[in-house]
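Q: What follows is a single structure, and I will ask about it in a moment.
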Amino acid sequence: MSANPLIHDGKPSESTPHRWTDALLEPFRSVGDPVADPVVESIFANNETAVVTRMLRSIAANEHIVPAEMPDAVENYLNQTDDWPAWADPEKVRIGQRLFGRYGMQMALALFTWSLPSCYACAKGAQVLVSTGRIDKYVNHRIIETSQFLLDVMAEGGLEQGGRGVRTAQKIRLLHATIRYHIRHYPKWQPEWGTPINQEDQAITLLTFALLPRTLTKLGLDFTPEEADAFFHCWRVIGHILGIDASLLPRDPNEGQQLWDAITRRQVAPSEAGRTLTHALINYMKELVPGTMFDGLPAVLIRELCDEPIAQAVLTEEPDWARHLLGPMRSFFNLTDEAQDRSGIVTRISGTVSRKLLEGLYSIERGDKQLMFHIPKSLQDAWGLDTPATR
């Protein structure tokens, strides 16, 4: 999408109370990626899929490398999409990554219990994730790839020139274009769902990362306005690398919240796709965390972190706090004060479960070498993780 009236010299115009209107957002549902989509179309037109397939597989295999011999269209794409925008502030990016180094474990937990459920609650966008079938396996792959992307872009140096995060973002952008290419030919795809992985769906997905500090305040974590702004700025840069239209990249967390409110109002609705995906997500979390003590926690945290319309859209049962959380967790943490604030209990539990989830992602036996999960050494050290690399 070109010449947008909200863009002036590459920057959004001043925000107004009615900036994120249906009239602005609706056209983006038919827009994919004007840069990456033609690349994928040329690949299939020229029968050059083998090399690109290897590159896309490297996302799941956690390989930083890109095949030496690539179609010219892909090489040009990689060279043209790895630069930061002119407005990027390197110091803010570093502050945002340092914040992730401090609270990344809790942010990883929020990825499972806020980011992904929020995406699944957008009924039209969720259709992409179920259109190919094999829900459970697809969700597992999606979680691993998304978690790896989060760690790659937010690790120290991940967004620097040639950084692992930049290359991962470029690959994911190309993967999205490949999915769009295939699903457009999928006979069950309905026009009212819009273009697969369209610009509006990408914008709300980006916000589920960029607004993580605001979400984690519900677990009792504190952030300064400067930290939250830097973290958001970091994700604004990532959104640029991912090919999200400039007019859908809010400048700060307040604008981001406005866009979040506008898109969720438009797109959140109960759907079989969203609930199926969330059910598979909860089951996968149970698989990652050993034992049964925490089995009730995923639904509890989804209800705790997500806005009520989102929780209602993706959950089918009301969580039983007394049975699933408070009783066993008081015992686990030796809590004797029955009146202790609920959020305080969840804060303690979240730290324990965050660690177990990341260690589970790192070491779970999957029988598929393409699903190896890598935690950058700087983040292992910051979080004191007990991973195979540190044992």
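Values quoted throughout were computed directly from the atomic coordinates according to the rules given, and no laboratory measurement underlies them. No experiment lies behind these values; they were computed from the predicted model shown. Neighbour counts are summed over all protein chains in view; Cβ atoms, including those assigned to glycine, are modelled from backbone coordinates with ideal geometry.
Q: Tell me, what does the Kirkwood hydrodynamic radius of segment 127-257 come to in angstroms if you use every pair of distinct C-alpha atoms?
A: 16.1 Å
Q: Using the 10 angstrom Cβ neighbour count as an exposure proxy, how do K124, K188 rank, fewest first?
A: K188, K124
Q: Another question about this same structure. Would you work out if segment 199-298 is rounded, prolate or oblate? Take a ≥ b ≥ c from the square roots of the eigenvalues of the alpha-carbon gyration tensor; rounded if a/c is under 1.5, else prolate when a/b is larger than b/c, oblate otherwise.
A: Oblate, since a/c reaches 1.5 and b/c is not below a/b.
Q: Give me L288, L174 ranked fewest to most by other Cβ atoms within 10 Å of their Cβ, as a rough exposure proxy.
A: Ordered from fewest to most neighbouring Cβ atoms within 10 Å, L288, L174 come out as L288, L174.
Q: Based on the alpha-carbon gyration tensor of segment 221-271 and its eigenvalue square roots a ≥ b ≥ c, which shape applies: rounded if a/c is under 1.5, prolate if not and a/b is larger than b/c, or oblate?
A: Cα axes put segment 221-271 in the oblate bin.
Q: Further, regarding this structure: Going through the cross-link list K92/K124; K171/K218; K92/K218, which pairs have a Cα-Cα distance over 28 Å in this structure?
A: Beyond 28 Å: K92/K124; K171/K218.
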